[in-house]
Amino acid sequence: MPEIIFTINEAIKKQGLSESQLARMAGLSQGTVNRLLKGKTQRPDISVIKKLCAALNLSPFALVGIPEPRKDVVLPNPTNLQREWIEIGLKMGDIEMLGWLMEIKKGRP
């Protein structure tokens, strides 16, 4: 969660936004944004993350510090794990994948 908060705060600074401006852009209450940025929200709803990503023009992968999978790369001899990653990446959208990625980072596949 600290990674997400840091990334959102950096994007806010870079874009010169206030919390209230971000809340309006994302269609969220200022309280929701404030609780998230203060670390009072342990597991934000995926819809909140989706709205924040859209407002800040960030990918969910960037929020959790994971490089975005490149769908244009073809591995000559992919391992089973690599093949599974490619299949999952192609079947799921970025937003739906965020929750899955966060669980992986916490060690709960």
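FYI, it's all coordinate maths here, none of it is from the lab. All values derive from a computational prediction rather than experimental measurement. For neighbour counting, all protein chains shown are included, and Cβ atoms are generated from backbone atoms with ideal geometry for every residue, glycine included.
Brief remarks follow.
- Only one of the listed residues (SER20, SER59) is exposed (fewer than 13 other Cβ atoms within 10 Å of the Cβ) and either out of contact with any helix residue (DSSP H, G or I) (no Cβ under 9 Å at 6 or more places or on another chain) or of a type in the set (Ser, Thr, Tyr) (or both). That residue is SER20.
- Applying a threshold of 7 Å to beta carbon distances and a minimum spacing of six or more residues, or different chains, the list of pairs starting in segment 13-25 at a residue that is closer than 14 Å to LYS50 by Cα and ending at one that is exposed (fewer than 15 other Cβ atoms within 10 Å of the Cβ) reads ALA23/SER29; ALA23/GLN30.
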